[in-house]
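Undergrad: Next up is a structure, given as structure tokens.
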Amino acid sequence: MVTFTNLTRAPEIGANSYLLRSGDHSVLLDAGMHPRLDGWDATPLLDQIPEDLDAILVSHAHHDHIGSLPLVTAAHLGAKVLMTSGTAALIEPLLHNSVNVMTRQRRELGRTDYPLYTHRGVDDSAVIWELANLNRPIQIDSSEFEFVLHDAGHVAGSVMTEIRTDNHRALYTGDFNLQRQTLMLPCQHPSGPFDTLIMETTRGAQAAVPGQDRAFFEEALLAGIRQTFERGGAVLIPVFAMGKTQEVLALLHHARLEGKIPKAPIYIGGLGRAMTEVYDRQRTLNPRQHGNLRLIPEAQPETFDPRRLPNLRLRGGHIYLLSSGMMTANTTSHTIARLFFPREHDSIFFVGYTDPSSPSGLLRQAGQGGAVDWGDTAAVPVRCEVRYFDLTAHATREDILRWACDEIQPSRVLLVHGDPDAQAWFAAQIAQQRPKTEVVQPPPGQPIPLFQDLS
């Protein structure tokens, strides 16, 4: 029997990691780090990974899926590590950046357990990574497992993982998108039916508004930028360095070419530039739109030096595309936001997920005219414009539900990678639309059958 163990510590968007086991063979799907927790509490249930782990398959390069990878590879030296070329190229600088962040937190916050791994640990992990091609079967030595990777349309190199074993098929979605982005194409998923669907539920608690698709929000964002510029203001767009930076930069580049916004200077962060350079080098190696577009030489973003912040004077008609997307304390987007707050003609525009408890989530809730806790003794008044444009890299819940029920047609669904209310929405909707499909919310740390028992 093949078992599935959810190694995420709680039913939430956390340290994504899932263990498949059949007899003496075991495979790990992702090895993430919790985006909102610190120290060892942010890691998956590492002690439940068997010593004789055969392989690790990585779905994509976001921290909540790869942040613990150096820890797992160091503890399981014999395990193969498989990923696409795009994911490998992105992961290495991201993990080195994580070491830098943890080292700074050790120095500034007195975190004696940091860093959880070192630059040498990242290098030692990277040398054993193996590149895997899309749509080609992958055999794991003498095990019964066979895997096929399919483009997920989420970020460069992202994949869905098809699991084949003992005449059964399962599909692990990872993070995926069913609609096009500026660069990423919709996912290229395999045909159903499947015995089991291991499905992300990120947006399960967020309803899509009819008529407000990606094109709607793209045009609304460009209109917001024009309006800000017309009143002499500057625009701050907090973004993740990988994925969102490149998508929004490509959108703004094409908008300038088409005359939809003025030829405004665009500033990106240092890590954002490094990730954009990877996107440029990988542009023909991964499925995407605008395969010939080279963002650095053609969009010509300027690299923002955070050492300028103490003496920076904002200028109207400039766009600051800076990380972190969550505006975590002491990041560039968090610090520069203080310059925007008192200026009514400036704007802060959000274009992706904002955790409600993060600084970006608190700022969205406060809005223009409100006040926000920004690490000061008193709440800071917000006079600048604050708006949200849903340029998500995840599939909407409505799209996922239709896709799962009509195209994948699973006998069993395992709900993962979502907060409790998000998972609850999917559980109720699938039960209503496919009453014969078994829906399971895998409890952390408890092995369950991967496939439905029909005996």
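No lab work stands behind these numbers, since they all come straight from the coordinates. Computed from a predicted structure; not experimentally measured. Here Cβ is always computed from backbone atoms with ideal geometry, including for glycine, and neighbour counts include all displayed protein chains.
Undergrad: If you look at just the Cα atoms of the stretch 73-174, how large are its Rg and its Dmax in Å?
TA: Final numbers for Rg and Dmax: 16.7, 54 Å.
Undergrad: For Lys80, which sequence-distant residues (separation of 5 or more, or a different chain) have an amide H within less than 5 Å of its own amide H, given hydrogens modelled in the peptide plane?
TA: Amide H neighbours of Lys80: Ala55, Ile56.
Undergrad: Follow-up question, since we're still on this one. State the volume of the convex hull built on the alpha-carbon positions of the stretch 222-372, expressed per residue in Å³ and rounded to an integer.
TA: 110
Undergrad: Could you give the length gained on full extension between Asp421 and Glu144, defined as 0.36 nm per residue of separation minus the Cα-Cα distance, in nm?
TA: Stretched out fully, the Asp421 to Glu144 stretch lengthens by 96.1 nm.
Undergrad: Non-local amide H neighbours of Ala132 (under 5 Å, H modeled in plane, Pro and chain starts lacking H): which ones?
TA: It is Met83, Thr84, Ser85, by chain and number.
Undergrad: Could you give the dipole magnitude of the chain about its Cα centre, charging the beta-carbon of Lys and Arg +1 and that of Asp and Glu -1, in debye to the nearest 20?
TA: Rounded to the nearest 20 debye, it is 1780 debye.
Undergrad: Now a separate question. From Cα coordinates alone, what are the radius of gyration and Dmax values for the chain in angstrom?
TA: So, for the chain, Rg and Dmax equal 21.9, 71 Å respectively.
Undergrad: Subtracting the Cα-Cα distance from 0.36 nm times the residue separation, let me have the gained length for Asp280 to Arg36 in nm, one decimal.
TA: The span from Asp280 to Arg36 would gain 84.8 nm if fully extended.
Undergrad: With θ set to phi - 60° and the Karplus curve 6.51 cos²θ - 1.76 cosθ + 1.60, what are the ³J(HN,Hα) couplings of the stretch 210-227 in order, to the nearest whole Hz, using x for Gly and Pro?
TA: Using θ = phi - 60°, the values come out as x, x, 9, 8, 4, 4, 4, 6, 4, 5, 5, 4, 4, 5, x, 5, 4, 5 Hz.
Undergrad: What does the charge add up to near His96, with Lys and Arg as +1, Asp and Glu as -1, over the other residues with Cβ less than 11 Å from its Cβ?
TA: Net local charge, His96 excluded: -1.
Undergrad: Fewest Cβ neighbours within 10 Å first, please rank Glu218, Glu108, Glu200, Glu438 accordingly.
TA: Glu108, Glu438, Glu218, Glu200
Undergrad: About the Cα centre of the stretch 47-153, what is the dipole size in debye to 20, counting +1 per Lys and Arg Cβ and -1 per Asp and Glu Cβ, all else neutral?
TA: 600
Undergrad: I would also like to ask the following. What's the ranking of 34-47, 51-64, 411-424, 150-163 by average number of surrounding C-beta atoms within 10 Å, highest first?
TA: The densest-packed peptide leads the list: 150-163, 51-64, 411-424, 34-47.
Undergrad: Amide H neighbours of Phe145 under 5 Å, counting only residues 5+ apart in sequence or on other chains, H built in-plane at 1.01 Å?
TA: Residues meeting the criterion, in which the H sits 1.01 Å from N, are Ile140.
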